[in-house]
Each structure stands twice: as structure tokens, then as C-alpha cells.
1. Compute and list, largest first, the equivalent-ellipsoid semi-axes of region 41-156 from the alpha carbon gyration tensor, each √(5λ) rounded to a whole angstrom.
2. What 222 nm value per residue comes from the helices of the chain, counting each DSSP H run with n ≥ 4 as -39,500 (n - 2.57) and dividing by all residues, nearest 500 deg cm²/dmol?
3. Multiply the residue gap between ASP185 and GLU164 by 0.36 nm, knock off their C-alpha separation, and tell me the result in nm, one decimal place.
4. Could you give the distance between the Cα centres of region 181-215 and region 24-59, to the whole Å?
5. Could you give the radius of gyration (one decimal) and Dmax (whole number) of the Cα atoms in region 104-215, in Å?
6. Mind giving me the nanometre distance, one decimal, between the label points for ASN153 and ASN178, set 7 Å out from Cα along Cα→Cβ?
7. If I build a Gaussian network model for the chain, linking alpha-carbon pairs within less than 10 angstrom, which residue out of ASP90, ASP80, ASP108 has the largest mean-square fluctuation?
8. When DSSP beta bridges are limited to those with both residues in region 72-183, what percentage is antiparallel, rounded to the nearest 5?
Amino acid sequence: MGQDAGNDKVVEVFDRMAARYEKQMGLFERFVLGRARQWAVAQAEGAVLEIAVGSGLNLPLYGSQVDHIVGVDLSEGMLDIARRKVARADTARIELRQGDAQALDLPDDSVDTVVSTFTFCTIPDPKLASEEAFRVLVPGGQFVLAEHGPSTNALGRALMRVVEPLSVRFGADHLTRNPVPYLVDAGFEIDQVERTGRGGIVFRVLAHKPGTAAG
């Protein structure tokens, strides 16, 4: 399946589930994933790009160390929910755009932090998204990623592999992707990989673009 078809599938899935996404995700985080989202957002600073911002679950969590947030997502259904949150918050530091993490409409070396929470599982080409994140980050800029992936438990991994064809077909959700190799292949240096969550399925990853920011 090519990239365009992959994007079409992601849009179809998330437009369809937009109204119930936050309730479903909230339950999954409570009982399986833990507080990886909160951890990820706490690492962000400066000018932030959030890829696959979705319904904006992260937006209320950003602290004062963040100056500006650009949130990008393919699904207009999800973005509509995020836009309502921004309107209620009446904040000028958040900018939401319909767009593709695999082909970002941002200049090179333009953001300090890229945040990705539970997005690599559905992005059709995570390596391309990693390369785009690398491109737009300033030298020394940080990629913060929270993602689910293969369980650290052998039985859990086996079960995930059995279920995965159905999760991909109906939810565009790859259960057993390890996000770290995509970042390494894109040129990032990995600073931290921590496994958390039930069955160790959560990756908490800090990586950076080599170099020193100008100034």
C-alpha cells in the first residue's frame, strides 16, 4: 500500500472515530499506557511542533517553558475537536494545521522540540516522518516520543502479533512497531529509552539532532 493510500486510510479511520477517540484513549491510558503523555509534554520547550496532534489531548498540558505550538494532523475530524479546545482557551500560542507529518510545511531548522505521542503506530512511513522531524528541528533540538510497541513479555508480544493484522486493517494501528530504529536511521542521537506501561509496551524516548543551535 503506497503512502497516499496509507494516508487515506488514516484519515478515514480517525475521522470516523473522532467523536469517541478521547473516551477510548482515556481508558487505554488509564489501564495500560500510564502517564507517558504527561511525561512527553513536560519535556517540551521553546518553539514546539506536535505531529499528529489529533483532538488536542496534549494542548492543555504544555507549560510556560513552551513559547509556541504548531500542531499538525491529517484528520479534519480530529482537528475540529482540537480547534474547539483552542477557541475555549483563547490562546494565541497554539496554531493548528491540516497536514502530513511525512511532508511538513515548515522551514528547516525552525523548531526547538518535536513531540509525538502515540502517533508512529499509525503514520504510514515513520522513517519519513522521522526525517521530516530531523529537518525542521534546530541543531541540538529534541525529539520527544511516547509510543506503544512490542511488549517486553514474550507472551504479550505473541498476542500482539496475532491481533495486529486486524488492528491495522480496522484501526490503522501497528501494534508491534519499535519506534527507535526509525529515529536512528533519520540521524537522531538517542539519549533515553525507557519502557513503561502494562507489559512494558510503552516507549518513552528522548533523542536529539546533533549539532549546536546558532546564537
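1. Semi-axes, largest first: 22, 17, 15 Å.
2. So the helix-based figure for the chain works out to -12500 deg cm²/dmol.
3. Working: separation 21, 0.36 × 21 = 7.56 nm, distance 2.41 nm.
Going from the current span to full extension adds 5.2 nm.
4. 16
5. Final numbers for Rg and Dmax: 14.9, 51 Å.
6. Inter-label distance under the simple model: 2.0 nm.
7. The residue that fluctuates most here is ASP90.
8. Percentage antiparallel, nearest 5: 10.
Every read-out reported here was derived from the displayed coordinates using simple, explicitly stated rules and does not represent laboratory data. Fair warning: this is a prediction, and the values are worked out from it, not measured in the lab. Note: ideal-geometry Cβ built from the backbone for every residue, glycine included; neighbour counts use all protein chains shown.
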